[in-house]
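The values are calculated or read from the model by the stated rules, or taken from the named source; none is laboratory data. Since the model is a prediction, treat every value here as computed from it, not as a measurement. Glycine also receives a Cβ, built like all others from the backbone with ideal geometry; neighbour counts cover every protein chain displayed. Protein only, heavy atoms only, side chains kept; ligands, DNA and RNA dropped before computing areas. Shrake-Rupley method; radii C 1.70, N 1.55, O 1.52, S 1.80 Å.
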Amino acid sequence: MSVAQFVQLFQSAIVFGTVIMFGAVGEILTEKSGNLNLGVPGIMYLGGIAGLATAFFYESGTANPNPVLCVLLPFAAAFAAAALGGLLYSFLTITLRANQNVTGLTLTIFGNGLANFFGGSLNGMAGGVGQISVTATSAAYRTTIPGLSAFSVGKIPVGNLIFGYGFMVYLAIAISVALSFFLNRSRKGLNLRAVGENPGTADAAGINVIRNKYLATCIGAGISGLGGLYYTMDYIKGTWTTDSTIEALGWLAVALVIFATWKPVNAVWGAYLFGLLYWMFLYIPGLTRSSMELFKMLPYLVTIAVLIFTALRKKRENQPPAGLGLPYFREER
């Protein structure tokens, strides 16, 4: 593999991994509260279409779009729309006590349908598929750190490898580190973990179980929705497609939660490893089309291997929260 090919593969892995990192980190926060939300793909759809629609209407109605507003408005819209999806899930599963698995899958279908409906409408308003123009917003999201991206060592463009990305790549890492600190070092984070492990005991200790579950699920959904925003604004450069790629990436994010053993920091390098495995087939000569599709299965196969390994070792710190997916009835504690 040449230096140019290595750089291209590395950058593809970073960009690809960032999409699923947002989804996985948000879901880790949700699952730490004991809620199993399989609606991550749908929530990423909601974040993606809300951010794109906001950018589209802002740029259409403004002669000279402000780069700061181009970033802030879609970002806020994406987070809010995804958090509302998390609120809907919370209301159904926590308040109405609906089945978490069924509700999550329904949310995925709902998010997919709603996003593609509005995405199709935006395409129609823009003049056809691929005609959506949010160039100012997409450019703002893809802006790199000035000067640093040009640094190189010999033939290796180190600056471009490390600093040649938009701000959301670094935001995803920062959120992962901050969440790890929150869950392991803060009182509120430890309370949240107690809720996920044994809500009855946490309730008896004076921790508000319902509030913790609602907040973790809504904020976690908001973080996951940023993955959809990053996909639309950076990954595909400000447009909308109906090829179900976001759904596939959403399920990869769910797999990454298991691979990371519910640790946010592990999701960082795990996301990049998934990206590396997913795109590696492009740089192996002589592969047939069926072989290429097999390579795309590697992230899932690695996740299964990790799941088997952690199950055999039975180390408590590598297991999911004990109360994950289980409804909590205060009257029964």
Of the candidates 46, 38, 84, the one satisfying the condition of being surrounded by 24 or more Cβ atoms within 10 Å (Cβ to Cβ) and closer than 30 Å to residue 326 by Cα is 46
When segment 258-282 is examined, which residues are found to be open to solvent by less than 50 Å² (accessible area, probe 1.4 Å) and assigned to a loop (DSSP other than H, G, I, E, B)? 260, 261, 262
Could you tell me which numbered condition residue 262 fails, if it satisfies all but one of (1) more than 29 Å from residue 8 (Cβ to Cβ); (2) modelled with pLDDT under 90? (2)
Got a number for residues in segment 236-272 being on the phi > 0 side of the Ramachandran plot and among the hydroxyl-bearing types (Ser, Thr, Tyr)? 2
Among the helices (runs of 4 or more DSSP H) contained in segment 136-228, which hold 2 or more residues that are touching a residue at least 24 places away in the same chain (Cβ under 8 Å) and over 18 Å from residue 24 (Cα atoms)? 158-163, 187-197, 199-204
Out of the residues in segment 285-306 that are open to solvent by 60 Å² or more (accessible area, probe 1.4 Å) and part of a loop (DSSP other than H, G, I, E, B), state the one that is modelled with the lowest pLDDT. 288
Name the residue, out of 83, 53, that is within 30 Å of residue 194 (Cβ to Cβ) and assigned to a helix (DSSP H, G or I). 83
Selection from segment 60-79 of residues that are open to solvent by less than 50 Å² (accessible area, probe 1.4 Å), within 27 Å of the chain's Cα centre (by Cα) and either closer than 29 Å to residue 104 by Cβ or without any contact (Cβ under 8 Å) to a residue 24 or more places away in the chain (or both): 74, 77, 78
